[in-house]
Structure formats: structure tokens, C-alpha cells
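> The structure's right below; bear with me while I get my questions together.
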Amino acid sequence: MEAHREIIRCRNFIAGKWESDGEREIRRVNPADTRDLVAIAPDSSAATARRAIEGASRAADGWRRMIPPERGKLILRAAQRLEAAREEVARLLTREEGKIISESRAEVTRAIDIMEYAAGMGRRLGGQTLPAEVPGVFCYTVRQPIGPVAAISPWNFPVAIPCWKIAPALVCGNPVIFKPSPLTPATAARVVEIFLEAGLPPEVLSLVHGGSEVGTELVNHPLIAGISFTGSTKVGMTIHAAAARRLAKTQLEMGGKNPQVVLRDADLKSAVACCITAAFGSTGQRCTATSRAIVEAGVAEEFTGMLVERTRAIRVGPGDRPDVEMGPLVDEVRLRDVRGFVARAAEQGARVLTGGAEPQGVGTGYYYEPTVVGGVRPGDELAREEVFGPVLSVIEAPDLEGALRVANGVEYGLCAAIFTRDISRAFAFIDRIEAGMIHVNRPGLGGFSHFPFGGLKHSSYGAREVGEDTVNFYTDIKSVYINQA
Ligand code: NAD
């Protein structure tokens, strides 16, 4: 463990000024070493959130008047600033969230790529020119900002997710109030500093630390035009119901229960390697994590044997050690949840094939072994619920038809993967799988920085994030008809 023991004091950033909330505080420890207090941040009140909303509302008019290419240039500068701070931000992310340092570096790179893409939107924010229905009319559509936007984010990608909300929201001309997860206040504060260091007008980006009290105020306040939320399906649905009462726009990215289907003609070695990456990367704490390996009869035994052997070899420990392959869970609550899922599955007759316990001698963090569970039936809790930890169920299916039935038999539909050498079966899977992101013969994770990110069913709602579609959330369209006579 590195000797960086500085306690980071986080403040809110409201109407262009750093300030404290005063009363309650959030204390965030390093999940890899609970003796390391990383950050103290305000656990802000609804009244503080209200001041931030009013500040953002005052800034809205000036910001929408800045021409979009100029707004884009500021975001490009922020991307360059983040590039310069890449290693420092990655180290902070590992210390606060727990993921291994190579994953933190990859996350920062992803944030930079997305910001660069969003910066270019400043020159692409066009409408359409279409033919008129009657002679003598010139008609077109134009996009305009929606107004102050709340960006409510989870802890598991505390750099990339805030950046992929804040950057396009700002380029589209909306002031942003960012409410990060209370588990990652220091990383959130660093993200905001980077935008400010790039020369962003300070009043157009606010940061309010806290939990559901701040979130609820943002969702209910009449001056907030849109809520871009990433987090659990339960909270997402609550937000959507509240926002619907006042017709505020929502963009919701939520949970997943992602399958990897392995057919009998697959390259099993590659299927196993990709499954390990997708299931245990980020300690399984990814909305896109593979949590079900659905394997065609005939290769299930061989696949499972290889999978278990590879899983046993994963080195668990603090994320800042170069030889470590999987870090801790984010906190005690997550650890307790994961333990509970595995214990209940075992009680219901499933077999823990490897893992299923806290590793010994790793340190004072929230560690859990990478775990493979066999004998899971499609209707079992472990096969249906999002675990959000390093737990992979193996489920056998008779054929592609049966695999699709299992894969689609859950309420989520975020991403999915298939391993096969048969192009017809791959296309049949692409056609029928209920998922928003599909991978063939590669790990079933998210995607590229210019592709829509999101899912179907209870995994997502509203315009997709990342890619061009996100403009549909952050802008309104006006149709204009001009009589030329
Ligand atoms: P969470 O739902 O507990 O919290 C997410 C955010 O919402 C936090 O900032 C939290 O403080 C805030 N919040 C909580 N209650 C609120 C309320 N009533 N009103 C407004 N805001 C409220 O989720 P989490 O534990 O931070 O993150 C893990 C979840 O996020 C998992 O379910 C995971 O699948 C999901 N996730 C989804 C994606 C995606 O793009 N689909 C990406 C990452 C994580």
C-alpha cells in the first residue's frame, strides 16, 4: 500500500464558489485498507441543493448564448486537462473506489475519449432542413438547451460516468448540478476541478455532495429540466415516478444481469478468458458485468472446469499493487450483500465451485473471493437478481433456443455476449436477445466511446447516453416554418 495518507477535505461548489454545508459529514475510507481515511465531505441538506439549483438557473441564459463551438472548445480543454492529470486521477480513483490501477487508468482514458467526442458535438448540434408541404415555405428544425440539468451518478465509475453526463450537457448549453455518490466524493471533486481548471465559467457547473436528500431535491425542484441518472433500478424508478409528476425529462441507466452464452462450437479457451474479464473485472461491480454463463449442453462440463481453474488463479488484493488482478468491494454493505446472495444460493441447493468466502491474509479491506456457482436454476434468486460483486452463475441450456429463454428470462436487458463460430446462430442471437449492447466472441462489456450506451427493459430508460443520441436528452427541438412570400 502506498504511503499517501492525506485526508482530502471536500466541499460543495455552488454558484461559482467552494463552500461547506456545515452540519453532517460523509467519511470515506479506502476499501482496500479501512485504516486509510480518504475523504471527508459534506452530507448536504436539501436547502444547500436548492441554492445550487437557483445558482444554475441564474447561469442558464448566459450559457445558452455562448455559441456551441465555443462551449465545445471548453470541453476539449477539460479533456486535455484530464489527460495531463491522468495518473494522479487514476491513483485517487483506486484509493477511493478500490478498482485496480490499470482499470482506473482505463476509466480515465474512457472519460477523455468521451469528452473529446462530446466537444465535437459543439459543431454538430444541427437540426434538419426538410421539404415543405406547400409552396413558398422554408422549414427546418433547430435544437435548443433544455435548461438546468441534474447529473446523479453512482460510485462504480466515478470519473467516466460524471464526464459522460457533464460534457454533453454543457456542450448542449445546459448548466449542470452534479450529485456524486457519497462513496466517491474526492474523485467527484477532482472531476469538477478539472472542468474549472480548463476555464469553464464557474457558475455553469455545481457540485453538491450528499445522499438521497440532495438527490430528491434535485428530482423534485421545478427549475431542474432534466435528470440524468445512473444507479440502481430501484432508485431509477423512484426518480422517474417523481419526475413524471412534473413532466421533467429523465435519462436512466440502471442495473444489469448480463448473460454470456457459450455454444458448443465456441472457442472455449477464448470464451473462458473473456468470461473471466467480464465477470471479475472491477470486482464484478459493473452494470455490464457478466453474471450468468449460459452454456450449451455438451460443453458445459469442460467450460466450467476451465473457468473454475482460471478463477482460482486470480490474485485478489489492494488495487495499487501491480500484481493484483482484482480489488476489494466498495464497502461493508456491498460485502454483506454479496455474502448473503451466495449463502442463500447454497441453501437453495446451488454448489459453490470456487470462492464463496473472504480471502485470508489480504488486509483490512472489503475483500471477497472471485466466485463461481454451479447448479443454479434459471428461476433462482442468483440467476435473476443483480449481485454487483464477483459472483458468476453457470447455467446449462439444451441449445440456443433454451439459452435465449434463460438469457431473456430476467427483468434486465443491458448487455449480452455470445461465443460461437456459427454466423447464423450469432445473427439469430443478435436478433432475439433482449439487450442494448451485444458482443460476439468478445467480453460482454460496455462499448466504444462514440457508441450509444444503454439497455432495454429495466436497465435503461430515455435517450441513450454517450454517442450522438444523448443530444436527444439534452436538447429540445423546435420546428420552424417561414413564409417566403
Ligand atoms: P444507487 O441507486 O444506490 O445510487 C445512485 C445515485 O443515486 C447516488 O448518487 C445516490 O446517492 C443517488 N440516490 C439514492 N437515492 C436517491 C433518491 N431517492 N433520489 C435521487 N437520488 C438518489 O446506486 P449505486 O449503488 O451508487 O450504484 C450501483 C448501481 O448502479 C447498480 O445497480 C449498477 O448496475 C448501476 N449502474 C448502472 C450503469 C448503467 O450505465 N446502466 C452504470 C453504472 C452503474
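The values are calculated or read from the model by the stated rules, or taken from the named source; none is laboratory data. Given the structure is predicted, the values throughout are model-derived calculations rather than measurements. For neighbour counting, all protein chains shown are included, and Cβ atoms are generated from backbone atoms with ideal geometry for every residue, glycine included. Ligands, DNA and RNA are excluded from the accessible area calculation, which covers all protein heavy atoms including side chains. Shrake-Rupley method; radii C 1.70, N 1.55, O 1.52, S 1.80 Å.
> Any chance the range 120-133 includes a residue that's in a helix (DSSP H, G or I) and touching a helix residue (DSSP H, G or I) at 6+ places or on another chain (Cβ under 6 Å)?
yes
> In the set Arg190, Arg245, which member is over 24 Å from Arg286 (Cβ atoms) and basic (Lys, Arg)?
Selected residue: Arg245, the only one of Arg190, Arg245 that is over 24 Å from Arg286 (Cβ atoms) and basic (Lys, Arg).
> If you don't mind, another one. Among strands (runs of 3 or more DSSP E) lying entirely in the range 375-485, which contain 2 or more residues that are more than 16 Å from the ligand (Cβ to nearest atom)?
Here the list reads 391-397, 415-419, 475-483.
> If I filter the range 56-87 down to residues being of a type in the set (Gly, Ala, Ser) and under 27 Å from the mean Cα position of the chain (by Cα), which single residue comes out as nearest to Ile146 (Cα to Cα)?
Checking each candidate, the answer is Ala60.
Matching residues to (1) over 22 Å from Ser102 (Cα atoms); (2) more than 16 Å from the ligand (Cβ to nearest atom); (3) in contact (Cβ under 8 Å) with a residue 60 or more places away in the chain; (4) not basic (Lys, Arg):
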{"residue": "Met254", "(1), (2), (3), (4)": "yes, no, yes, yes"}
{"residue": "Cys287", "(1), (2), (3), (4)": "no, no, yes, yes"}
{"residue": "Glu301", "(1), (2), (3), (4)": "yes, yes, no, yes"}
{"residue": "Thr311", "(1), (2), (3), (4)": "no, yes, yes, yes"}
{"residue": "Gly317", "(1), (2), (3), (4)": "no, yes, yes, yes"}
{"residue": "Phe341", "(1), (2), (3), (4)": "yes, no, no, yes"}
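> Let me ask you something else. Consider only pairs whose beta carbons are under 6 Å apart and that are at least six residues apart or on different chains; among these, list those whose first residue lies in the range 140-158 and is in contact (Cβ under 8 Å) with a residue 12 or more places away in the chain and within 12 Å of Ile224 (Cα to Cα) and whose second residue is of a type in the set (Val, Ile, Thr) and within 16 Å of the ligand (Cβ to nearest atom).
Here the result reads Pro148/Ile224; Val149/Val176; Ala150/Ile177; Ala150/Ile224; Ala150/Ile227; Ala151/Ile166; Ala151/Val176, each pair linking the range 140-158 to a residue that is of a type in the set (Val, Ile, Thr) and within 16 Å of the ligand (Cβ to nearest atom).
> Could I ask something else about it? Determine whether Ala248 is without any contact (Cβ under 8 Å) to a residue 12 or more places away in the chain and more than 7 Å from the ligand (Cβ to nearest atom).
no
> Test of understanding: among Ala417, Ala463, which residue is small (Gly, Ala, Ser), open to solvent by less than 50 Å² (accessible area, probe 1.4 Å) and within 22 Å of Val272 (Cα to Cα)?
Testing whether each residue is small (Gly, Ala, Ser), open to solvent by less than 50 Å² (accessible area, probe 1.4 Å) and within 22 Å of Val272 (Cα to Cα) leaves just Ala417.
> Among Ala56, Ala15, Ala47, which is the only one that is open to solvent by 10 Å² or more (accessible area, probe 1.4 Å), within 21 Å of Ile177 (Cβ to Cβ), touching a residue at least 60 places away in the same chain (Cβ under 8 Å) and of a type in the set (A, V, I, L, M)?
Ala15
> Among what's in the range 420-432 and is among the hydrophobic types (A, V, I, L, M, F, W, C) and open to solvent by less than 10 Å² (accessible area, probe 1.4 Å), pick the residue that is nearest to Ala273 (Cα to Cα).
Across the range 420-432, the extreme among qualifying residues is Ala426.
> Something else: How many of the residues in the range 174-188 are within 15 Å of Gly210 (Cβ to Cβ) and either of a type in the set (Phe, Trp, Tyr) or within 14 Å of the ligand (Cβ to nearest atom) (or both)?
10
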